[in-house]
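Engineer: This structure is in structure tokens; I'll ask about it shortly.
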Amino acid sequence: AEGTILGTFQYMAPEQLEGKEADGRTDIFAFGAVLYEMATGKKAFSGRSQASLISSIMTSEPAPTSTVVPTAPPAFDRVVRTCLAKDPDDRWQTAHDIAVQLRWIQEGGSAVGLPAPVVTRRKGRERIAWVLAALATAGLIALAARDWRRSSARAPVTRFSILAPEKTMFTPPGELSSAQMALSPDGRTLAFVANPAGARPLLWVRSLDSLTAVPLAGTEDALHPFWSPDGRSIGFLTPTSLKRVEASGGTPQRLCDAVAGRGGSWSSQGVIVFAHSAPTPLFRVPDTGGESQQATDLEVARAEDRHRFPFFLPDGRRFLFWARSSKREHTGIYVASLDSRTARLVVRSEAMGQYAAGFLLTVQQGMLVAYPFDEKSAQVKGNPVRVAEGVLTGNPPGYAPFSVAGANALAYSSPLAKSRQLAWFDRSGRRLGIVGEPGDYSTPRLSPDEKKIAVAIREESKTNTDIWIFDSTRRTWSRLTFDPAAERAPLWSADGSRIVFNSAAAGVLDLYEKAASGSGEPRLVVRSPTDKFPTDWTRDGRFLVYHTFGGSSTWDIWMAPTDGGKPFEFLSSKFTEAQGKVSPDGHWIAYASDESGRFEIYVTQFPQKRGRWQISTTGGSQPWWRGDGKELFYLGPEQTLMSVAVQPGDAFEAAAPTALFKANFPAVVPAYWANYLATADGQRFLVSELVPEAAASPINVVLNWTAGLKK
């Protein structure tokens with residue numbers, strides 16, 4: 001009869017109980033209740049009467065499965081909890097979504113957060129339950145894959161997540177970037193960069209209807225992959241070059257020089273347009289290799305300082321790219337052509353843009369949005385539509401972690417905001433304690449009296465970074481900078497009264513100074529057309545040490561006299577010289593250079609630059625002196641903190657490096673800055689370490705994404 005509720009109350013979704021419209025997500029709620037009962041032996045919702053049972057379903061949450069059955073995987077809690085969300089929009093949207101999660105758990109992802117002995121002692125009935133779940137999952141995946149292969153125009157929107165391969169993680173938020181990915185032109189395969197534990201990042205490929213990803217040999221240190229128009233090859237950048245590799249594997253081919261490239265795009269005309277990390281325009285090169293040529297011009301009238309992240313439009317001649325300007329009204333997405341180096345602004349944006357299916361996608365205020373876009377005129381034709389939230393930008397400037405392939409597929413990353421923890425270690429690697437709660441920390445620095453810590457923090461849901469100070473005595477935090485632009489890399493003066501940092505307040509990262517007490521406004525110290533990264537303030541207070549792009553478009557070490565004198569170049573070559581740290585006695589400077597083909601630590605006299613000694617032997621970055629100058633620390637291979645005893649007298653002598661301990665250091669480009677510090681006595685180390693959950697931050701994939709846009 002009308003108004004009668006049909007079904008078994010125990011498994012009914014709230015909308016069904018309220019007589020609202022039911023759909024496939026109503027069945028997902030019921031499936032979640034079955035999963036919960038299968039794993040725990042208890043019903044998800046209970047009541048002594050029909051009324052109390054309905055009330056329980058409408059208002060209460062079942063206890064997490066891991067609290068009922070301690071051996072249940074933590075990841076399973078999330079699967080069930082999402083199935084049982086009260087609002088259908090908050091649930092998994094398709095059976096395929098659940099299938100992907102259950103398959104990941106069955107393949108070993110369930111072990112995340114559990115000690116290995118616990119995992120191996122699961123009871124027989126639990127093993128049977130998981131086998132049944134795996135069999136059900138396999139059927140669900142096969143069904144979803146079959147449906148996806150049909151016309152995407154008729155398919156519903158499908159969302160699922162891709163986790164990093166076992167014992168790897170997608171490049172974490174921080175100095176390098178968020179996850180780096182590229183969908184193939186047909187939207188069926190995803191290429192991405194993942195970091196194996198203790199090794200260099202590699203390029204991986206994964207078919208979207210497969211459960212496994214395959215690493216491509218020879219692609220170490222890959223950056224920002226992009227596909228050939230036919231989907232057979234993948235272009236990628238490294239710290240020194242532009243390369244291509246077959247998607248099926250093989251030996252990568254070097255195409256030309258490129259300094260820590262910032263994106264590329266492959267035209268159907270057989271041309272690749274790419275960007276350097278240096279403040280330069282875009283360049284072009286044949287896809288068979290050769291000498292690169294300039295593809296765009298930096299427009300002086302618009303005060304542009306760099307072009308990055310190109311993306312070809314379907315005609316293979318015109319391409320979008322992101323330009324940064326010291327005048328913010330000129331920072332945005334531009335369009336240019338292989339036929340002309342003149343560019344025109346399309347839309348203002350702090351992030352790159354890509355075109356697909358009549359939309360220009362970019363990120364604004366942490367949201368991935370789609371502008372209606374006329375492909376012929378290359379103009380936006382309306383207001384943006386929200387696609388996804390929590391997509392952070394600016395690491396590196398202009399980058400946004402997303403990729404789109406027509407109307408078929410969209411991939412994006414929403415990195416974990418609380419990805420790091422400040423933690424103290426002793427020389428053996430024993431964890432001594434933590435500072436604050438997990439957050440997005442970088443470049444911690446200890447005050448001269450070792451009672452305060454200055455550190456850059458990106459707050460959750462925000463895209464900019466500010467300097468904060470932690471008082472270890474009072475155990476309180478105070479904010480030092482408030483500009484909406486990013487501030488990082490604090491340095492204390494010798495007396496602890498002032499702090500120098502870099503800020504993008506004027507568009508380019510310049511050096512500023514502010515009283516450590518927080519009083520007054522920041523004062524500009526060093527301004528130039530290129531980004532600057534401060535690494536040291538000499539003990540006598542005479543010089544600020546920083547690295548910036550030199551005439552050879554590589555990082556060079558510069559000095560800025562604090563008495564108002566003109567900054568000058570100290571170490572420069574066609575190779576990178578960065579991370580300069582002057583010894584406590586002021587007679588030596590340690591730095592990182594890649595002249596040998598990999599980054600190593602060197603020492604030379606300061607300020608005369610006489611003599612040079614290589615300190616590291618198997619790679620190194622991020623040098624740090626002990627307070628008495630008799631020991632030098634650096635980060636070696638496999639995230640190992642190394643120690644070298646030195647005799648910094650009239651003649652420099654260094655012992656063989658020895659390993660201290662391994663820590664979960666964030667991935668960091670050696671040309672940037674350190675994410676650890678040592679106390680003056682060299683007995684304790686503060687590390688901005690990655691939290692385990694950061695490795696689980698997935699890449700989100702949306703199939704038939706245009707059907708889900710809310711006009």
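The values are calculated or read from the model by the stated rules, or taken from the named source; none is laboratory data. On a predicted model such as this, the values are computed, not experimentally measured, just so you know. All Cβ positions, even for glycine, are placed from backbone atoms using ideal geometry, and neighbour counts span all protein chains on display. These accessible areas exclude ligands, DNA and RNA; they are computed on the full protein's heavy atoms, side chains included. Shrake-Rupley method; radii C 1.70, N 1.55, O 1.52, S 1.80 Å.
Engineer: To two decimal places, what compactness ratio does region 271-362 give when its Cα radius of gyration is scaled by 2.2 N^0.38 Å?
Structural biologist: Numbers: Rg = 12.5 Å, N = 92, 2.2 N^0.38 = 12.3 Å.
Ratio of Rg to 2.2 N^0.38 Å for region 271-362: 1.02.
Engineer: Follow-up. Mind pulling the per residue volume of the convex hull built on the Cα atoms of the chain? Å³ is fine. Can you show the working numbers first?
Structural biologist: Values: hull volume 127.5 nm³, N = 711.
Dividing the Cα hull volume of the chain by its residue count gives 179 Å³.
Engineer: Using the heavy atoms of the protein chains alone and a 1.4 angstrom probe, what is the accessible area of region 504-576 per residue in square angstrom?
Structural biologist: On the way: 3210 Å² over 73 residues.
Here the residues of region 504-576 average 44 Å² of exposed surface.
Engineer: If you don't mind, there's one more thing I want to ask. Report in % the part of the accessible area of region 492-537 that belongs to carbon and sulfur, leaving out ligands and nucleic acids; probe 1.4 Å.
Structural biologist: 52 percent
Engineer: Please name whichever of Phe309, Asn408, Ile54 sits farthest to the positive end of the charge dipole of the chain, dipole taken about the Cα centre and charges placed at Cβ: Lys and Arg +1, Asp and Glu -1.
Structural biologist: Projecting each Cα onto the dipole axis, the largest value belongs to Ile54.
Engineer: Another one. Which whole-Hz ³J(HN,Hα) couplings does region 307-320 yield from phi under the Karplus relation 6.51 cos²θ - 1.76 cosθ + 1.60, θ = phi - 60°, glycine and proline marked x?
Structural biologist: Coupling constants for region 307-320: 10, 8, 6, x, 8, 6, 6, x, 6, x, 10, 8, 9, 8 Hz.
Engineer: Now for a different question. Within region 235-384, what whole-number % of the accessible surface is contributed by carbon and sulfur, with the 1.4 Å probe and all protein chains included in the calculation? Don't skip to the end; give the middle numbers.
Structural biologist: Working: 2670 of 5760 Å².
Result for region 235-384: 46 percent of the exposed heavy-atom area is carbon or sulfur.
Engineer: Taking H placed 1.01 Å from N in the peptide plane, check which residues at least 5 places from Gly682 or on another chain put their amide H under 5 Å from its amide H.
Structural biologist: The answer is Gly627.
Engineer: Give a residue-ordered list of calculated ³J(HN,Hα) values for region 213-221 (Karplus: 6.51 cos²θ - 1.76 cosθ + 1.60, θ = phi - 60°; whole Hz; x for Gly, Pro).
Structural biologist: 10, 10, x, 9, 4, x, 9, 4, 6
Engineer: Taking only protein heavy atoms into account and a 1.4 Å probe, give the accessible area per residue of region 236-322 in Å². Walk me through the intermediate numbers first.
Structural biologist: On the way: 3070 Å² over 87 residues.
Result: 35 Å² of accessible area for each residue.
Engineer: Taking amide H atoms as placed 1.01 Å from N in the peptide plane, list the residues 5 or more away in sequence, or in a different chain, whose amide H sits under 5 Å from that of Thr538.
Structural biologist: Amide H to amide H, under 5 Å and 5 or more residues apart or across chains, Thr538 pairs with Phe543, Val545.
Engineer: In deg cm²/dmol, rounded to 500, what helix-only [θ] at 222 nm does the chain give when every DSSP H run of at least 4 residues adds -39500 (n - 2.57) and the total is split over its residues?
Structural biologist: Numbers: 8 runs with 88 residues, N = 711.
Estimated from H runs of four or more residues: -3500 deg cm²/dmol.
Engineer: So, one more: Relative to the compact-globule scaling 2.2 N^0.38 Å, provide the ratio for the alpha-carbon radius of gyration of region 579-631.
Structural biologist: Values: Rg = 10.6 Å, N = 53, 2.2 N^0.38 = 9.9 Å.
Rounded to two decimals, the normalised Rg is 1.07.
Engineer: Karplus couplings for region 351-356 from phi (6.51 cos²θ - 1.76 cosθ + 1.60, θ = phi - 60°), rounded to Hz, Gly and Pro as x?
Structural biologist: Coupling constants for region 351-356: 9, 5, x, 9, 10, 6 Hz.
Engineer: Return the long-range amide H neighbours of Val271 (sequence gap of 5 or more, or a different chain), with a cut-off of under 5 Å between placed amide H atoms.
Structural biologist: Long-range HN contacts for Val271: Asp287.
Engineer: Treating the beta-carbon of each Lys and Arg as +1 and of each Asp and Glu as -1, no other charges, what is the dipole magnitude of region 362-450 about its Cα centre, to the nearest 20 debye? Show your work: numbers first, answer last.
Structural biologist: Working: 9 positive and 8 negative charges, 33 e Å.
It comes to approximately 160 debye.
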